[in-house]
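First comes the structure, then the notes that go with it.
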Ligand code: NZQ
Ligand code: ZN
C-alpha cells in the first residue's frame, strides 16, 4: 500500500530540463518580434473569446507583428476548456498555410489548444489521437506564448488539456515537444482578470502544489519548503489581486507562482498520481465548469476522505507550516483545522461556491465519472478506487 510509505524518506533521482525562455515583467513585449523571427515568417495568432481585444493587447501584438514584415494568420474563439474542434481547425490552417510559429495570447485554454494545434500540424491523422494517446506527440510547431491569466502553468510546461464534448472526455497529456519555446509573462496583462477568474486561477495554482506536496513518500525537504512558500504566496496575494486588480506586486507574485507550481521543479522525481485533478477533469468534461471552481469544491472533501493515521503527519506539516497552526496541539486537531482553513480560504476569502448542488450539478453521472477518474489513481497519495471517488463526489453535493 502506498500509504504505508508515508514518512519513509525516498530521495528520487530526476532529470530537470525546462528550456522555455521567459521574459518576465512590464514592457517585455518589446522582445516579441525578435523572438518570433527566429522561427520563421508565417505566424498563427491564437486567442480566445475577445478579452485580448478589450485590453488592447490584440492591437499591440498585431501592429508589432505586421510592422516587422511577418505574415499574420489568426484563429480566434478558443473556448475555456478548449475543444478538439478548435485544435482541428488550427491544425488545418497550419498545414494549409505552412505556418512557422504559433503565437498563443491568452490563458491556459488558449495555450493548451495551441500546443495541440502545433502537434496536430505535424501529424497526419486526427489531432484527437494525440490527446487520447492513440498517437504519440513526436513533434510540434514552435509555440510562443503571451500569458494573460495566472493559473495553469501551461506557459512553462509541456502539458495540455483538451475536451471532446461528443465523448464527454477531457484529457490532459504531458509531452516534451509541447513545451513553449518562449513565454512573455507581464503581470499588467492580468489586471483585467475578473475577481472570479482570479480566485479560480489561484485555486488552480494552490491545487497544483497540493497535488505534489501530498505525496506518499517524503522527498527533498527543500522542495517541501519551496511548496509551502508557494502556497503561502497564493494565500497572501490572491485576495489582494481580487480587491486591487492592478496591484502589480500581487499579480506578479501570482504569475510567477503559477509557472513554478507546475514547471516540474517541485516534483523532484515524484511519480505518484494526482488525485483532485482527474476528478475535476470529469466535472468539466460533463458540465463544462471552470477548472479552479471544480478543484475548490473537490479538494477539501478529498482531504477529509484521505485523512487517516498514516497520512496525518503530512496534514500536520501542512497545517503548521502553511497555516501557522500551533504545533503543540494534538495531531488530529491540527490536521482537521488545516482542512478547515483550506475551506475558509476557498469559500470565505476567495468566495467561490462550495458545493456541486449550488452550481446545478447532481449525482446523475457520478458512477461513470468516478470510473473514468479512478483509472490512474492506484498510485495516488491514497489509492482510490471508483467507489471511493464516487464517495468523494457525493461529499461535494
Ligand atoms: O477567452 P477570453 O476572452 O480570452 O477570456 C478568458 C476566459 O473567459 C478570460 N481571460 C483570460 N485572460 C484574461 C481574461 N479576461 C480578462 N482579462 C484577461 N487578461 O478568462 C477566462 C478563462 O480563461 P482560461 O484560459 O480558460 O483559464 P485558465 O488559464 O484557468 O485555463 C484553464 C484550462 O487549462 C487547463 C484546464 O483544465 C482548463 O481547460 N489546465 C491546463 C494545465 C496545463 N496546461 O498544464 C494544467 C491545469 O491543471 C489545467 O487542467
Ligand atoms: Zn489545474
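All of the numbers you see were taken from the coordinates with simple rules; none came from a lab. Since the structure is predicted, the reported quantities are computational estimates derived from the model, not experimental observations. Cβ sites come from the backbone with ideal geometry, for glycine too, and all protein chains shown count toward neighbours.
Worth pointing out:
- On Cα atoms only, tilt of 57-67 relative to the major axis of the chain in degrees: 40 degrees
- Segment 229-290: C-alpha gyration tensor shape, a/c 1.5 cut-off, then a/b vs b/c: oblate
- The calculated Kirkwood hydrodynamic radius for the chain is 21.4 Å, given to one decimal from all distinct C-alpha pairs.
- Ranking of 303, 242 by count of other Cβ atoms within 10 Å, fewest first: 242, 303
- With each label modelled as a point 7 angstrom along the Cα→C-beta vector, the residue 387-residue 340 pair spans 3.2 nm.
- Here the relative contact order of segment 168-261, from alpha carbon pairs under 8 Å that lie six or more residues apart, stands at 40 percent.
- Computed on segment 60-213, with alpha-carbon pairs under 8 angstrom and 6+ residues apart, the relative contact order is 22 percent.
- Axis of helix 386-395 versus longest Cα principal axis of the chain: the two differ by about 90°, to the nearest ten degrees.
- For residue 174 and residue 95, the difference between the fully extended length at 0.36 nm per residue and the C-alpha to C-alpha distance is 26.1 nm.
- Relative exposure of 389, 22, 352, judged by other C-beta atoms within 10 Å (fewest first): 22, 352, 389
- Stretch gain in nm, segment residue 220-residue 167, where the contour uses 0.36 nm per residue and the Cα spacing is subtracted: 15.0 nm
- Rounded, prolate or oblate (a/c below 1.5 giving rounded, otherwise prolate when a/b exceeds b/c) for segment 311-397 by Cα gyration tensor: oblate
- The distance between label points at residue 304 and residue 60 comes to 4.4 nm (points 7 Å beyond Cα on the Cα→Cβ vector).
- Comparing mean-square fluctuations of 368, 289, 279 from a GNM of the chain with C-alpha springs under 10 Å, the top value falls on 368.
- Tilt relative to the chain, helix 108-120 - C-alpha long axis, 0 to 90 degrees, to 10: 60 degrees
- When the chain is treated as a Gaussian network with alpha carbon springs shorter than 10 Å, the biggest mean-square fluctuation among 331, 300, 142 belongs to 331.
- Global geometry of segment 146-299, whether rounded, prolate or oblate, following the gyration tensor of its Cα atoms and the 1.5 cut on a/c: rounded
- Ranked 115, 54, 385, criterion: other C-beta atoms within 10 Å, fewest first: 54, 385, 115
- Using C-alpha pairs below 8 Å separated by at least 6 residues, the relative contact order for segment 1-149 is 23 percent.
- Computed helical MRE - 222 nm, the chain, DSSP H runs ≥ 4 contributing -39500 (n - 2.57), nearest 500: -14000 deg cm²/dmol
- Springs between Cα atoms under 10 Å define the GNM used for the chain, and in it the highest mean-square fluctuation of 223, 254, 147 occurs at 223.
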